[in-house]
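The values are calculated or read from the model by the stated rules, or taken from the named source; none is laboratory data. Since we're looking at a predicted model, the values are computed, not measured. Here the Cβ positions follow ideal geometry from the backbone for every residue, glycine too, while neighbour counts run over all protein chains shown.
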Amino acid sequence: MNAPVPQTTNSAPVETFDVEAVNRRSRQKLYQARVKVFPKRAQGFYRQLKWVIMAVTLGIYWITPWLRWDRGPYAPDQAVLVDIGNRRFYFFFIEIWPQEFYYVAGLLIMAGLGLFLVTSVAGRAWCGYTCPQTVWTDLFIWVERLIEGDRNARMKLDNAPWGVGKIAKRVAVHATWLLIAVATGGAWIFYFADAPTLLGDFVTLEADPIAYITVGVLTATTYVFAGFMREQVCTYMCPWPRIQGAMLDEDSLLVTYNDWRGEPRSRHQKKAAAEGLDVGDCVDCAACVVVCPMGIDIRDGDQLECITCSMCIDACNTVMDKVGRPQGLISYTTLRDYNAHTAEAKAAGRSTATAHQRSIGVSHIVRPRTLLYFGLWSLIGLAMLVSLLMRDRLDINAIPDRNPLYVTLSDGSIRNGYTLKILNMMAEPRSFEVALDGLNGATMWFAGDDSHGARAIAVDVEPDRLREIKVFVSQPADTVSSGLTGFDFTVRDLAGSESGSAAADFYAPEN
Ligand code: SF4
Ligand code: SF4
């Protein structure tokens with residue numbers, strides 16, 4: 001809990017900016033042209049956190065396709081691979097087959113619930129820190145800042161007439177953006193094929209045309225979305241700002257301007273205080289507005305455009321340090337705390353002297369709604385993990401011949417034909433024993449093999465493959481039952497303990 005600190009006279013000069021939020025009602029027309037945003041670089045804890053998260057997320061995206069994972073000689077050694085040709089998804093030690101797509105569905109449900117959980121705790125933290133649109137836009141702004149300078153220099157350059165200097169800087173910025181955009185699109189295709197091989201094919205123009213088309217589309221979208229559209233993607237194209245409202249409650253942490261201690265704002269705070277005027281902590285410097293990548297003013301309250309990036313918190317904390325006031329005029333605050341502070345300040349007649357700012361505690365995070373989301377998330381995760389560990393790597397299916405349903409052989413025995421599909425889901429060759437379970441006295445044999453066999457036959461299946469075999473089953477005349485008789489084909493791994501079975505019917509003439 002932060003106690004209020006008395007006003008001090010030892011304050012450093014604060015830079016003020018003449019800027020207006022891009023979404024101010026007074027400036028909005030029905031079809032408003034985009035107002036360019038030139039975010040100033042913020043400095044502080046949240047900016048550092050964003051640099052770290054940007055480095056980690058971009059690192060994961062670009063490095064992952066190059067990670068190797070030894071699965072033996074019969075499976076690819078790329079750690080994460082969507083192998084569309086062979087219809088497999090590899091994720092380190094996990095291999096997902098098309099019929100196991102429910103694992104991917106489960107992961108998507110977990111991602112959704114995780115997003116609900118994060119939003120109900122800390123608002124649009126996903127948008128502010130990890131959404132690709134935010135991360136790439138931040139990267140593009142960093143490039144812009146590196147080449148053209150910070151906000152004032154960029155604005156000056158933007159308004160300057162075209163000349164050699166401006167052209168050179170703009171070419172450098174756009175060339176770097178394009179390089180990043182190509183690298184972004186390029187990295188994506190490596191998730192769908194062996195990365196080193198595809199890179200070789202790609203640069204020698206031997207890759208599949210779809211690879212070039214994909215890189216082209218992703219390059220264009222990255223370049224346009226992060227370079228030009230930026231905050232407009234979040235405000236107009238993304239549905240998440242509209243959906244998130246349903247997930248917030250009065251205990252969700254949101255970036256909030258604490259007007260109970262900031263108002264009335266004054267650019268001449270010291271003079272006003274010396275004259276005995278009632279002023280709040282906000283020195284109306286607009287530092288919070290100029291660092292905002294969305295170009296909005298958090299002092300106007302909670303807004304659809306706010307992506308909760310916290311740059312305004314860093315900017316305002318720097319200002320509060322300079323004027324000798326406690327940090328947190330803009331802070332992560334819940335609606336419940338905000339209302340309590342406002343009521344406290346009102347009751348005391350003067351906000352900054354009385355109201356106490358509460359710090360974030362466990363109670364903000366652990367509450368019924370978040371417990372419910374976390375419980376569901378854990379339950380699905382646990383169920384998927386158990387199912388993954390216990391899933392079969394062997395399957396058998398039996399499809400009976402329909403025409404003819406049965407054949408009466410010369411010795412009076414009845415023969416039925418079946419197509420057996422035996423699936424070896426392991427990356428190594430395996431030998432199985434396929435046997436009859438039930439159907440008294442019956443024997444089986446491969447189609448084309450006249451040995452007329454036995455109760456069981458041996459079948460080899462290649463690694464990661466489905467083998468289809470045609471078999472005949474016959475039952476002697478003295479044991480055959482009239483009509484339909486049920487039995488099972490069983491399959492057993494000759495080198496291991498895994499087994500399976502498939503139910504089948506045996507047709508014989510009605511007596
Ligand atoms: S208002 Fe603050 S938290 Fe919201 S987008 Fe702007 S800088 Fe980020
Ligand atoms: S809230 Fe903070 S950063 Fe924003 S104008 Fe007021 S003092 Fe400046």
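On the stretch given as region 61-99, residues that are of a type outside the set (A, V, I, L, M, F, W, C) and either under 20 Å from the mean Cα position of the chain (by Cα) or in a strand (DSSP E or B) (or both) total 9. For region 314-338, a residue qualifies if it is within 12 Å of ligand 1 (Cβ to nearest atom) and acidic (Asp, Glu), and exactly one does: Asp314.
The set of residues from region 282-304 being within 11 Å of ligand 2 (Cβ to nearest atom), surrounded by fewer than 24 Cβ atoms within 10 Å (Cβ to Cβ) and outside any helix (DSSP H, G or I) comprises Asp284, Cys285, Ala286, Asp297.
Just for region 281-305: of the residues that are touching a strand residue (DSSP E or B) at 6+ places or on another chain (Cβ under 7 Å) and at pLDDT 95 or above, which one is farthest from ligand 1 (Cβ to nearest atom)? Taking the candidates together, the pick is Arg299. Checked against (1) of a type outside the set (Ser, Thr, Tyr); (2) near ligand 1 (Cβ under 8 Å from one of its atoms); (3) at positive phi, Met311 passes all but condition (3). Applying the set (1) touching a Leu at 6+ places or on another chain (Cβ under 7 Å); (2) more than 16 Å from ligand 1 (Cβ to nearest atom); (3) not small (Gly, Ala, Ser) to His268 leaves exactly one unmet item: (1). For Ala502, the stated conditions hold: it is surrounded by 14 or more Cβ atoms within 10 Å (Cβ to Cβ), in a strand (DSSP E or B) and within 41 Å of the chain's Cα centre (by Cα).
Residues in region 305-344 that are farther than 17 Å from Cys127 by Cβ, in contact with a Ser or Thr (Cβ under 8 Å, 6 or more places away or on another chain), within 11 Å of ligand 2 (Cβ to nearest atom) and aliphatic (A, V, I, L, M): Val323, Ile330. In summary, Thr479 fulfils each of the numbered conditions (1) without any contact (Cβ under 8 Å) to a residue 40 or more places away in the chain; (2) surrounded by fewer than 17 Cβ atoms within 10 Å (Cβ to Cβ); (3) closer than 30 Å to Asp70 by Cα with the single exception of condition (3). List pairs: first residue in region 281-294 and within 11 Å of Met320 (Cβ to Cβ) and β-branched (Val, Ile, Thr), second residue in a loop (DSSP other than H, G, I, E, B) and near ligand 2 (Cβ under 7 Å from one of its atoms) anywhere in the structure, Cβ distance under 8 angstrom, at least six positions apart or on different chains. Between residues of region 281-294 that are within 11 Å of Met320 (Cβ to Cβ) and β-branched (Val, Ile, Thr) and residues that are in a loop (DSSP other than H, G, I, E, B) and near ligand 2 (Cβ under 7 Å from one of its atoms), the close pairs are Val283/Arg265.
Selection of first residues in region 101-127 that are free of Cβ contacts under 8 Å to residues at least 24 places away in the same chain and of second residues that are assigned to a helix (DSSP H, G or I) and buried (at least 17 other Cβ atoms within 10 Å of the Cβ), restricted to Cβ pairs under 8 Å at least 6 apart or on distinct chains, gives the following pairs, ordered by first then second residue: Leu115/Trp126; Val118/Ala125; Val118/Trp126.
Under the condition of being at pLDDT 95 or above, of a type in the set (A, V, I, L, M, F, W, C) and closer than 24 Å to Val461 by Cα, the residues counted in region 495-509 number 3.
Filtered by the rule that a residue be touching a residue at least 40 places away in the same chain (Cβ under 8 Å) and farther than 30 Å from Ala75 by Cα, region 428-459 gives Leu436, Asp437, Gly438, Leu439, Ala442. Of the residues Thr235, Thr197, Thr221, the single one that is in a helix (DSSP H, G or I), closer than 25 Å to Ala111 by Cβ, modelled with pLDDT of 95 or more and of a type outside the set (Gly, Ala, Ser) is Thr221.
Selection within region 36-59: residues that are free of Cβ contacts under 8 Å to residues at least 40 places away in the same chain and under 22 Å from Cys316 (Cβ atoms). The member of this set that is farthest from the chain's Cα centre (by Cα) is Gln48. Screening the candidates Leu423, Leu466, Leu439 for the property of being of a type outside the set (Lys, Arg) and in a loop (DSSP other than H, G, I, E, B) yields one hit, Leu439. Annotation: Leu107 fulfils all but one of (1) at pLDDT below 95; (2) within 20 Å of the chain's Cα centre (by Cα); (3) not in a helix (DSSP H, G or I); the unmet one is (3).
Taking the conditions exactly as written (part of a loop (DSSP other than H, G, I, E, B), touching a Phe, Trp or Tyr at 6+ places or on another chain (Cβ under 8 Å), among the charged types (D, E, K, R) and modelled with pLDDT of 85 or more), does Arg41 satisfy them or not? No. Filtered by the rule that a residue be modelled with pLDDT of 65 or more and either part of a helix (DSSP H, G or I) or under 17 Å from Val255 (Cβ atoms) (or both), region 338-356 gives Tyr338, Asn339, Ala340, His341, Thr342, Ala343, Glu344, Ala345, Lys346, Ala347, Ala348.
In region 77-86, the count of residues that are farther than 30 Å from Ile180 by Cα, surrounded by 15 or more Cβ atoms within 10 Å (Cβ to Cβ) and touching a strand residue (DSSP E or B) at 6+ places or on another chain (Cβ under 8 Å) is zero. Of the residues Ala211, Ala246, Ala274, the single one that is more than 28 Å from Asp150 (Cβ to Cβ), more than 16 Å from ligand 2 (Cβ to nearest atom) and surrounded by 14 or more Cβ atoms within 10 Å (Cβ to Cβ) is Ala211.
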